[in-house]
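A.B. asks: I'd like to ask some things about the structure below.
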Amino acid sequence: MMDTIRELEALRARIAGWKRDGLRIGFVPTMGNLHAGHHSLIELAQRHGDRVVASVFVNPTQFGPNEDFSRYPRTPEQDAAGLAAAGTDALWMPSLATMYPYGADKAVAIRVPGVTEILEGAHRPGHFDGVATVVARLFNQVQPDIAVFGRKDYQQLAVIRYLVADLAFPVELIAAETRREPDGLAMSSRNQYLSPEERAIAPVIHRTLLAMRDGIRAGRPRAQVEADASADLHQAGLDPDYAVIRNPDLSEPATRDGSFVALIAARLGRTRLIDNLEFEA
Ligand code: PAF
């Protein structure tokens, strides 16, 4: 039976009991509106931990003023049913006042330097500070031994790795593979904003990532591969913020061999989609 917990005291008591019994706590933080991709994160947490806590909290501090905080889909009953079916032991659903006791605008905030300033960080100023701030709070609340994050949010994972290393959180991070629809579109809560016409176009993002990988493997110049990717996205009706090849640490590649990641962020109508593909060249 999954417990839905809304008060910090109750969460702490539950976690303390498990820790007394020597159980390892696996944690999956989410903003709700869960899909099969999230459920696979729960499975991964189960494999690495003895008890699984999932959180659902739509975090206002990671949304910019013109972003979709108010229209972000909130489906708590459906989320709870899906998490229970996936074998979650406790669902942590803090209120805004529990997460930010002094108010979100007066919160102690965390700023991760460097990796937050490029790509997503450049297009969404303050976004990763909001993510780091809430993840640090969630880690203090849940005190997990392991935490699972999806590889789809590639740069977010890099930010959280930095956060955990720099603030010495005793949390082991597990990266989960991106789950895709049969046509290649990465699963995302934002996909449901797409009109049927936009949904039909959206898989071009994954196809473009594959073409970028193939272009690099075929020895084509990186700048050309990136320019062609942007042109292909435009042609399909998307408005790309970036389509780039980076080293795994998101720095600019200086060599043609080794491990790389292709990353795309693009607007399709009013919806902004991101995806990436890790590959060897
Ligand atoms: O990836 C997400 O869903 C969110 O950014 C996270 C990590 C739950 C923080 O709000």
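A.B. asks: Under a crude label model (7 Å from the Cα following the beta-carbon direction), how far is ARG270 from ARG74 in nanometres?
C.D. replies: Result: 1.8 nm between the two label points.
A.B. asks: Using only the Cα atoms of the chain, what are the Rg and Dmax in Å?
C.D. replies: Rg, Dmax (Cα atoms, Å): 19.2, 58.
A.B. asks: What whole-number value in cubic angstrom gives the convex hull volume per residue for the C-alpha atoms of region 51-156? Mind showing how you got there, number by number?
C.D. replies: Details: hull volume 12.9 nm³, N = 106.
That works out to 121 Å³ per residue.
A.B. asks: Count the net charge of all other residues whose Cβ sits under 15 Å from the Cβ of ALA84, scoring Lys and Arg as +1 and Asp and Glu as -1.
C.D. replies: Taking every other residue near ALA84 into account, the sum is -4.
A.B. asks: Moving to a separate point now. Enumerate the amide H contacts of SER55 below 5 Å, restricted to partners 5 or more residues apart or on another chain; note that Pro and chain-start residues carry no placed amide H.
C.D. replies: Placed amide hydrogens put VAL28, THR30, TRP92 under 5 Å from SER55.
A.B. asks: Between ALA223 and ALA85, what length in nm is gained on full extension when 0.36 nm per residue of separation is reduced by their alpha carbon distance?
C.D. replies: Gain in length upon complete extension: 45.0 nm.
A.B. asks: Write down Rg/Rh for region 101-235, rounded to two decimals, with Rg from the C-alpha atoms and Rh from the Kirkwood relation over Cα pairs.
C.D. replies: Rg/Rh: 1.03.
Rule-based calculations on the coordinates, nothing more; no lab input. Small disclaimer: the values here were computed from a predicted structure and weren't measured. Neighbour counts run over all protein chains shown; Cβ positions are idealised from the backbone, glycine included.
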